[in-house]
1. Quick one: is Ala94 touching a helix residue (DSSP H, G or I) at 6+ places or on another chain (Cβ under 6 Å) and either farther than 26 Å from Glu108 by Cβ or assigned by TED's automatic domain parsing to the domain that holds Arg111 (or both)?
2. Do we have Lys84 as touching a Leu at 6+ places or on another chain (Cβ under 8 Å) and among the basic types (Lys, Arg) here?
3. What are the residues in the stretch 99-112 that are farther than 18 Å from His66 by Cα and either assigned by TED's automatic domain parsing to the domain that holds Ser69 or surrounded by fewer than 15 Cβ atoms within 10 Å (Cβ to Cβ) (or both), if any?
4. Any chance the stretch 68-81 includes a residue that's part of a loop (DSSP other than H, G, I, E, B), more than 25 Å from Lys112 (Cα to Cα), charged (D, E, K, R) and at pLDDT below 95?
Amino acid sequence: MNKPGFQPSLKGRALRLLSQREHSRAELERKLAPHEEVPGELAKALDELQARDFINDGRAIESVVHRRSGKLGAARVKQELAAKGLSGEAVAQALADLRETESSRAQEVWRKKIWPGAPGPSGTCQTNAFFDHTGIFCRGGSPHRAGRRIRRGLSAARVAGSNPVQGFRSSGTCASAAALAQWRSSAARSV
């Protein structure tokens with residue numbers, strides 16, 4: 001711990017932050033600006049750290065994507081990257097890779113968190129809240145539309161007697177109107 005009256009240098013503060021997790025240069029500038037006593041001192045310290053590859057925006061992007069992609073959609077990850085001051089070609093490439101796997105990641109998280117209680121109105125509310133929170137499927141449609149698509153696919157698979165998780169197709173619903181109506185009527189009779 002620090003001795004009383006001891007104030008670490010800007011470089012020391014930056015290294016302490018970097019030892020906890022990857023930070024972008026913009027993030028470090030924002031966090032360390034209140035501790036800068038001499039103008040230009042912070043930029044010099046960060047330049048030295050960047051020259052020695054302690055600060056690397058590529059690693060910061062990979063770190064955020066790795067930590068957050070299991071729980072959040074591409075829209076929310078993009079928002080977090082922007083909040084950390086990261087942008088450019090590397091961010092665009094990382095987001096393109098995330099969008100390719102978004103439906104399978106969404107399905108897996110949804111299955112773990114919501115599937116046991118999904119049928120019925122409470123499941124609808126849970127699913128819509130889930131998609132609102134995670135930002136999954138926000139491009140090209142609302143989160144509620146994505147929730148309906150997943151619920152329909154899982155319901156149709158349930159009617160067909162197959163594994164509900166395998167019954168989902170990201171290209172659209174796999175439930176025909178007749179199968180969905182049949183499932184709804186059987187569910188209403190069992191209540």
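1. On the way: touching a helix residue (DSSP H, G or I) at 6+ places or on another chain (Cβ under 6 Å): yes; either farther than 26 Å from Glu108 by Cβ or assigned by TED's automatic domain parsing to the domain that holds Arg111 (or both): no.
It is false that Ala94 is touching a helix residue (DSSP H, G or I) at 6+ places or on another chain (Cβ under 6 Å) and either farther than 26 Å from Glu108 by Cβ or assigned by TED's automatic domain parsing to the domain that holds Arg111 (or both).
2. On the way: touching a Leu at 6+ places or on another chain (Cβ under 8 Å): no; among the basic types (Lys, Arg): yes.
So Lys84 does not fit the description; no.
3. Within the stretch 99-112, just Lys112 meets the criteria.
4. Keep residues of the stretch 68-81 that are part of a loop (DSSP other than H, G, I, E, B), which gives 69-73.
Checking the rest, the ones that are also more than 25 Å from Lys112 (Cα to Cα) come to none.
No.
The values are calculated or read from the model by the stated rules, or taken from the named source; none is laboratory data. Worth saying up front: this structure is predicted, and the values here are computed from it rather than measured. Virtual Cβ from ideal backbone geometry, glycine too; neighbours counted across all protein chains shown.
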